[in-house]
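Notes to accompany the following structure.
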Amino acid sequence: MSQKNRLAQGGRIDRNKALNFSFAGQHYKGYEGDTLASALLANGVDVVGRSFKYSRARGITGHGSEEPNGVVQLGTGDTTVPNVRATQQELYSGLVSNPVAGWPNVNFDLMSYLGKAGALMPPGFYYKTFMYPQKLWMTYEHFIRKAAGLGKAPTAPDPDTYDKFNQHCDVMVVGGGPAGLSAAYAAAKTGARVIIADEQSEMGGHLLTFDQPINGGSASLWLAEIVAELEAMENVKVLPKTTVMGYFDHNFLVAIERRTDHLGERAVSGTRQRSHRIRAKQVILAAGAQERPLVFANNDVPGVMLASSVATYIKRYAVVPGHDLIVSTANDSGYLAAIEWSKAGRHVVGIADSRTHSDGALVAEAKALGINVWFGHAVTEAKGGHRVYSASVAPINEQGDKVTGDVKQYDCDTVATSGGWSPVVHLSCHTGSRPTWSEEVIGFVPGKALQAQHCVGSILGDHQLVDCIDHGFDVGAKAASAAGFGQGEVLANKPSVERIAEGKAQALFLVPHKKPVSRAPKQFVDLQNDVTAAGIELATREGFESIEHVKRYTAMGFGTDQGKLGNVNGMAIAARSLSKSIEETGTTIFRPSYTPSTFGALAGRDAESLFDPERYTAMHQWHVENGALFEDVGQWKRPWYYPKPGETMQESLNRECLATRNSVGILDASTLGKIDIQGKDAREFLNRVYTNAWSKLAVGKCRYGLMLKEDGMIMDDGVTSCLADDHFILTTTTGGAANVLEWLELWHQTEWPELDVFMTSVTDHWSTMTISGPNARKVLAKVCDDIDLDKDAFKFMDWREGTIAGVKGRVFRISFTGELSYEINVPANDGLFVWEAVMAAGKEFDITPYGTETMHVLRAEKGFIIVGQDTDGSVTPYDMDMGWCVGKNKEFSFIGKRSFDRPDTKKAARKQYVGLKTKNPDEVLPEGAQAVWDPEQAIPMTMVGHVTSSYYSAVVGRSIALAVIKEGQSHKGDTVYFPLADGRVIEAEICDYVFYDPKGERQNV
Amino acid sequence: MLHLFCPYCQEHREEDEFHYRGQAHIVRPKDPDALSDKEWGDYLFFRKNPKGIHHEMWYHVSGCRRFFNVTRNTVTYDIYETYKIGEMPAVTDKEETE
């Protein structure tokens, strides 16, 4: 197909570089410098999608981030991106795009018959229709979503890379139009570090469309010079193709740079997108303004466009998107579309200007070109389905709310409208500043600055180029000065620009129709969400008065465009309907992100294995080579169990458990948290943070301790050993290590700074291996000859310094299995060497490595708790039957002690720690199962506790479980029931929580 | 994202480096066992939730590992001052003094 709408000359495109692309399966050609939208328009593609609710044909309306219709699925497969605005996507060779809305296809759409059924879908339709029965909502939703089409996420991992930069600057300028460039330049001249970002492919903003002379020459010349100069400055970073998507606390901004999206679907090299996390001393918002369309009947038919967009397609892309143009405007700027259209040699039917007159320069220029100008008129209705074929033009009164005479029909294929300019207040909103209405600007302008923020240019309603540049320089110098650079004087010559004569704009939003709003053909306010003027009026009639409620009820501004085009019109219509002023009605506000951001850009490199650090012990590779499966414990990768070929998980666990009980097993326990505590008050400090007493713990001895929160509930546990009178080593649970250190520091730094105590995390310094089982001593004896291992010389709960396989280390005789057990600690660098030596020594005893799962079973057989599994922050030591661990005569009221006396803590009817034996010994209770006394009772049943741990125990020969049951300790022997989600009810007997070796003889041998 | 000045490091650092630790200036009673249940309950559970000026504790977990105090406006997120543990705030809400 030829580019029938392309001009032979002009535009910022390269006609020597033709590019092939496709849309909806059809192949087209465009040029380098095109956007997908300009290339589609050049090829005469009218329909680019179907509307969300009524499924009406829609065409390109705008030329930038405001575009509500031209939203495409870009690319295919792993690299596809949903919801890309065709107006912002630069064309590249081989670009593949598809409409996101429209099923089965955009030109023939089943759903439009639904729309033709008239008032089938008023606002709140989905709420009203699909709410009941609730069960069916999933079915409805599936259908609605499929029909509406919201783009598809890629299903495979993204093959491209993304990254993040942290940036710091003195002055951050958002927007690279004339105001932003001037501000950046003036700020940079002071020596301040400046970043300037613009979402378009090149800097220039409105200058890319409107070539008003600067310094007597072409604006593009000045533009090229100032950009080149900025790029050459070492203290300036110029970021085109970069959208500042959010403006956060303390002048923190996030900008997303599209680095290769203009080259192809995949980054050939480097990163596809980069997010810049910018901390700025001063921020200048020069984000400009977006043109607002007029709302009239059938204003959504393809061919109805923004006037500035029509001018932009002609000037910047050399594309005239039609043949016969009618302009409907309420200000001077709308004339530009007609002027450029006429200069391009195509036919302007006329300009309907709602005002009574204007002496503006553009008006004069249009008249000089011989274009018909109809003052006091507006386009009240467009006609057409897939493209406009005529427009109704009618005289309207001065207030702009009534048609006053005969309606005339004019043939045309394009209607360009301008209702004025809405400042881009989004970023200012992100900081929490509510925009304020300005009658003079006829738009919302940024509210009071809450951060070190300045605004300049058309974001303030200053549309004159001379003001944008002049104020730009001033604000740039001022911001730099506030950041500590210069005295606020402009250190450069301001360029000279002529002021253009301008007629006063009219505040016109909804163009009147012969029929009342409720009877007229649909007058669209929000094109992306199909919100009409009639819908907004209906919402106000139904009692929605707050603009926030009107927004939610009608879904106005809910689309991916956040209502950039429609919101102000919608607010004006709501205000009129409520007989209020726009100022009184107010505005909804905008949240990040300004335009949709990709997950890739937000994640950067923090994906897959780099998402969260993975921690490995020194013996990790050995575990891998010996077939271990791993379990995540915090950030640690711990061996879970070591299956042999052909074994089920339960068979592996049975083998590992029995080997440990009958001979010897070995566990990598390096991940347990280890905190080194030193200082003359270390002992006193331990007394305060643990429940038990530490005053008499001698050097060479170990003790188990319970740590509580101030509310008396168990927080952590572990063994602490006395290395010297002023030196201890404390162990914590694997997952609790960092929290415990923070907790200890908190108390030391904020409550007891007078205590002489120092804490250091030494978790990573040591490799820890636990050898456990009746043959543990024999194994240890083979690798250690300088510790007397005699059972009376090296007792249970003792520790000794010694040499293990030639490496200096510490051996702790502590046990989490109930067996004779030694915990060997050696410096981490020697961990693997010692582990292998121990394995070799244990070979004759068939030493068996076991993982966390067997560790859990072995300790459960003994009834030892795991904090965070058997406890949940709501149980005291007494609830866990661990009163033996609470010091009764401690001088200092240790953390949590006072809470034992709270009525709730000391009441009898608390959940207590017990064991459970299922009636069927082979049935294993699910952990978390809820207990009831009577399974026959009506639902909701009274729950009396839950299962905290549950396993099959090979050595006991049956399933075992641990639980907390209300007053469980006095219910031993009673039956309790566990009704499960699948309908089964498991019956179990409450028993003691120690299932094996109840007298604890095996660890003392 | 907040930008916090650590009074120990004497530098502005990103919020990522810090942990929030709740209301500042809560002193543990010297003799907890002498308190009534109500007094102990107040110490344990009751915290201020002001709209406006709030004194709170932060922990420089990825930095110097010191706790310090921050006076922050809970509406605007403005930070008026940061100061060391044991020091008193210079900025206070007039209604705060009870």
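So the values come out like this:
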item: Flag if A:K778 is at pLDDT 95 or above, under 19 Å from A:R1002 (Cβ atoms) and either assigned to a loop (DSSP other than H, G, I, E, B) or in contact with a Lys or Arg (Cβ under 9 Å, 6 or more places away or on another chain) (or both); result: no
item: Complete set of residues in the range B:11-39 that are more than 30 Å from A:F248 (Cα to Cα), among the small types (G, A, S) and either more than 10 Å from every other protein chain (Cβ to nearest Cβ) or part of a loop (DSSP other than H, G, I, E, B) (or both); result: B:S36
item: Unmet criterion (only one of (1) touching a residue at least 60 places away in the same chain (Cβ under 8 Å); (2) within 14 Å of chain B (Cβ to nearest Cβ)) for A:K448; result: (1)
item: Matching residues, the range B:40-49, being within 10 Å of chain A (Cβ to nearest Cβ) and either surrounded by 12 or more Cβ atoms within 10 Å (Cβ to Cβ) or not in a helix (DSSP H, G or I) (or both); result: B:W40, B:G41, B:Y43, B:L44
item: Condition check for A:I714: buried (at least 20 other Cβ atoms within 10 Å of the Cβ), among the aliphatic types (A, V, I, L, M), within 30 Å of A:K782 (Cβ to Cβ) and more than 11 Å from chain B (Cβ to nearest Cβ); result: no
item: Residue that is nearest to the other protein chains (Cβ to nearest Cβ), among those in the range B:1-10 that are without any contact (Cβ under 8 Å) to a residue 60 or more places away in the chain and among the hydrophobic types (A, V, I, L, M, F, W, C); result: B:M1
item: Matching strands (runs of 3 or more DSSP E) fully within the range A:792-876 where at least 1 residues are touching a Ser or Thr at 6+ places or on another chain (Cβ under 9 Å), over 22 Å from A:G928 (Cα atoms) and among the basic types (K, R); result: A:807-812
item: Residue among A:D406, A:D401 that is assigned to a loop (DSSP other than H, G, I, E, B) and either of a type in the set (V, I, T) or closer than 30 Å to A:F444 by Cα (or both); result: A:D401
item: Selection count where residues are surrounded by fewer than 15 Cβ atoms within 10 Å (Cβ to Cβ) and not in a loop (DSSP other than H, G, I, E, B), scope the range A:209-248; result: 8
item: Selection from the range A:881-900 of residues that are in contact (Cβ under 8 Å) with a residue 12 or more places away in the chain, small (G, A, S) and within 13 Å of chain B (Cβ to nearest Cβ); result: A:G896, A:S899
item: Residue identified as farther than 30 Å from A:F892 by Cβ and surrounded by 13 or more Cβ atoms within 10 Å (Cβ to Cβ) among B:R65, B:R13, B:R28, B:R21; result: B:R13
item: Residue among B:V91, B:V61 that is over 30 Å from A:F900 (Cα atoms), in contact with an Asp or Glu (Cβ under 6 Å, 6 or more places away or on another chain) and not hydroxyl-bearing (S, T, Y); result: B:V91
item: Filter result for A:P926 (at pLDDT 95 or above and in contact with a Lys or Arg (Cβ under 7 Å, 6 or more places away or on another chain)); result: no
item: Residue that is away from chain A (no Cβ under 12 Å) and surrounded by 12 or more Cβ atoms within 10 Å (Cβ to Cβ), where the choices are B:H54, B:H60; result: B:H54
item: Unique match (being part of a loop (DSSP other than H, G, I, E, B), touching a helix residue (DSSP H, G or I) at 6+ places or on another chain (Cβ under 7 Å) and closer than 30 Å to B:A34 by Cα) among A:F892, A:F900; result: A:F892
item: Flag if A:V490 is among the β-branched types (V, I, T) and outside the structural domain of A:A187 (by TED's automatic domain parsing); result: yes
item: Counted residues, the range A:559-575 - those being of a type outside the set (D, E, K, R) and in a loop (DSSP other than H, G, I, E, B); result: 6
item: Residue satisfying all of: in the range B:68-86; polar (S, T, N, Q) and either facing chain A (nearest Cβ under 10 Å) or surrounded by 15 or more Cβ atoms within 10 Å (Cβ to Cβ) (or both); farthest from the chain's Cα centre (by Cα) among these; result: B:T76
item: Any hit, the range A:169-190, residues being crowded, with 20+ Cβ neighbours inside 10 Å, in contact with a Lys or Arg (Cβ under 6 Å, 6 or more places away or on another chain) and either under 27 Å from A:G488 (Cβ atoms) or among the hydrophobic types (A, V, I, L, M, F, W, C) (or both); result: yes
item: Inter-residue pairs, beta-carbon under 9 Å, first on the phi > 0 side of the Ramachandran plot and in the range A:405-423, second buried (at least 24 other Cβ atoms within 10 Å of the Cβ) and basic (K, R), 6+ apart; result: A:G420/A:R292
item: Only one of A:E542, A:E537, A:E548, A:E489 that is under 30 Å from A:E229 (Cβ atoms) and either buried (at least 20 other Cβ atoms within 10 Å of the Cβ) or among the acidic types (D, E) (or both); result: A:E489
item: Members of the range A:626-655 found to be assigned to a strand (DSSP E or B) and free of Cβ contacts under 8 Å to residues at least 40 places away in the same chain, listed by number; result: A:F630, A:D632, A:K637
item: Residue that is farthest from the other protein chains (Cβ to nearest Cβ), among those in the range A:740-755 that are charged (D, E, K, R) and in a loop (DSSP other than H, G, I, E, B); result: A:E754
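The values are calculated or read from the model by the stated rules, or taken from the named source; none is laboratory data. Model, not experiment: these values are computed from the prediction. A quick note on method: Cβ atoms are made from the backbone with ideal geometry, for glycine too, and the neighbour counts reach across all protein chains shown.
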